[in-house]
Amino acid sequence: MKFAHFADVHIGSWRDPRLANASTEAFLKSADMCFEKNADFILISGDFFNTSLPSIDNLKDVVKKLKETNDRGIPVYAIAGSHDFSPTGKTILDVLENAGLLTNVMKGSVVDNKLQLRFTADEKTGAKITGIIGRKGMLERKYFDSLIKENLEAEEGFKIFMFHTAVSEFKPQGLEKMDSTPLSAFPKNFSYYAGGHVHEPYVKQQPGYGTIANTGPLFPNNFREIEKLGCGGFYIVEKKAADLEVLFERVMIHNVFSISADCNRKSVAEVESAIKEQIANKEFNNTIVTIRLSGKLRIGKPSEIGFKPIFDAIYDKSAHFVMKNTSALTSSEFEEVKISTESVEDTEDAIIREHLSKIKVDNLSPESEFELTKKLMAALNNEKGEGETTATFEKRLKDDVEKILNVKL
Ligand SMILES: [Mn+2]
C-alpha cells in the first residue's frame, strides 16, 4: 500500500497575478508526482481551497486534474479545513463530492450529543479512513471533545485518521502560541494520522497512537513561509511489512532567494547599498526574491528606503516575484510601534480579545462574543465571486449576516 498525504493546498491563496496560479500549479504537479509513484490514493487534510468560493480558472484546472486522478483509479479522500468554509458553513468540497471527484471522510452521526464517526474503506487497499474537519476559531474542538473513541480504537485493520488542527504537543518553534488540540483528544491505535493546518512539515512516532504527520502547505502561503520553507511538499507513505515509510516530496514551482539585512545603526543609504551588494552578480531565473529588513535606523525613516530601483534591478535579473517585509524595521526618529510578527488572524484574535465586553451585546458571554465577531468579520471579508452580479453578491452577504446575527435585515 502506498498513498500520498497533502494538506493546506490553499488554491487561490496569492492575490498578486504573478503568484495567483502558484498553489494550483503545485497541486497539478503533486498529482502528477503521485501518478508517477503509483500512489493508491490521495489524502487532502483540509484547506484544499483558500476560500469557499474559488476562482473559476483555478477551479477548472483543479477539477480537470481530480477527474484525471479518478480516471486513473486513484481515489481522493478529504476533510475540510478552516479556509474551505463560507461563514454559514458552505464548502465547495460538497460540490466536488457530489460530482464524484473526492470523498469527504468525516462521516458519522450524533448519538446522545456525542459524535460517532464511521470509516470510509478504500476499495483497493482496504485502508479505513475517517477524520475531523477544521473550523475557524477552533470550533473543531467541540467535535474532538464530543468524539466517541471506543468504536474507532477497537476497529481492526490499517486505519487513517485525518485532522486539521495543531497538536499541542507538536507545535513547531515560532508557532507556540497557536491554538491547538491536545493528543489526549485524539483516538488512539491508528496506523497513520494525516494532519493539516500547521504550515510546517513534521513526522512523529507516538506510542499508543502511531505515526503522526503534518505535511505543511503544497506551496508556501505568505512571506514567512516562502522564506522559511522555500518550497512546499507532501508525504508519500508506504506500508512495508510492519513498518511505515514516510518520505517528504518537495514540490518546486519557483526557486527562492532570501535577502535579510540588519539595519541597526545604519542610514537609509547604507541599507540600500547593503541590499544591492547581496544582489550583485546574481541572476534570479524563475526565482521569488524576499527582502527582510530589521533593526533601528540611525538616520532616516523606513519609508525613505528606495525600494523601487532595487525591485527594478531584481526584476531586470529575471526574478519571478520580489517581495519585502519591513515589519521589524524602526527608526530612531520615531517611537517604536509594537508589531506582532504572528499571522494576521492571530493579530486580529488578540485585538478582538482585548476589546471583549467593552460594549454590551445581548448578554453574550465573552467567548460567544468572540465567535460572533469572528464570524461577522469573515462574512464581511467575503469578496464578490466570479460571475456573481453586485445584486446577488449583496444578497449573499446580507443572507450570511442575517444568519449569523439571527435577525432579518
Ligand atoms: Mn492552512
> Could you list, in sequence order, the residues of the range 22-57 that are in a loop (DSSP other than H, G, I, E, B) and either outside the structural domain of Phe234 (by TED's automatic domain parsing) or modelled with pLDDT of 95 or more (or both)?
Replying inline: Lys37, Asn38, Ala39, Asp40, Gly46, Asp47, Phe48
>> What's the total number of residues in the range 191-221 that are surrounded by fewer than 24 Cβ atoms within 10 Å (Cβ to Cβ) and assigned to a loop (DSSP other than H, G, I, E, B)?
In response: 7
> For the range 354-386, what are the residues that are under 26 Å from the mean Cα position of the chain (by Cα) and either assigned to a loop (DSSP other than H, G, I, E, B) or among the β-branched types (Val, Ile, Thr) (or both)?
Replying inline: Thr373, Asn381, Asn382, Glu383, Lys384, Gly385, Glu386
> Residues of the range 20-38 being more than 16 Å from the ligand (Cβ to nearest atom) and hydrophobic (A, V, I, L, M, F, W, C), which ones?
Replying inline: Ala20, Leu28, Ala31, Met33, Cys34, Phe35
>> Among the residues in the range 278-291, are any over 30 Å from Asp16 (Cα atoms) and exposed (fewer than 15 other Cβ atoms within 10 Å of the Cβ)?
In response: no
> Do the conditions hold for Gly157, that is, is it modelled with pLDDT of 95 or more and under 27 Å from Lys60 (Cα atoms)?
Replying inline: no
> Going by the structure shown, is Arg135 buried (at least 18 other Cβ atoms within 10 Å of the Cβ), among the charged types (D, E, K, R) and either farther than 14 Å from Ala7 by Cβ or within 13 Å of the ligand (Cβ to nearest atom) (or both)?
Replying inline: yes
> Out of (1) under 26 Å from Phe41 (Cβ atoms); (2) out of contact with any strand residue (DSSP E or B) (no Cβ under 6 Å at 6 or more places or on another chain); (3) surrounded by 18 or more Cβ atoms within 10 Å (Cβ to Cβ), the odd one out for Ser180 is which?
Replying inline: (1)
> When you look at Ser180, is it more than 16 Å from the ligand (Cβ to nearest atom) and either more than 14 Å from the chain's Cα centre (by Cα) or within 26 Å of Gly12 (Cα to Cα) (or both), yes or no?
Replying inline: no
> Going through the range 64-93 one residue at a time, which ones are away from the ligand (no atom under 16 Å from the Cβ), assigned to a helix (DSSP H, G or I) and either under 19 Å from the mean Cα position of the chain (by Cα) or buried (at least 16 other Cβ atoms within 10 Å of the Cβ) (or both)?
Replying inline: Lys65, Leu66, Thr69
>> Restricting to the range 110-141, give me the number of residues that are assigned to a loop (DSSP other than H, G, I, E, B) and at positive phi.
In response: 3
>> List the residue pairs whose Cβ atoms are under 6 Å apart, where the first residue sits in the range 258-283 and is farther than 13 Å from Phe311 by Cα, the second is polar (S, T, N, Q), and the two are 6 or more positions apart or on different chains.
In response: Ser258/Thr290
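The values are calculated or read from the model by the stated rules, or taken from the named source; none is laboratory data. Since the model is a prediction, treat every value here as computed from it, not as a measurement. Glycine also receives a Cβ, built like all others from the backbone with ideal geometry; neighbour counts cover every protein chain displayed.
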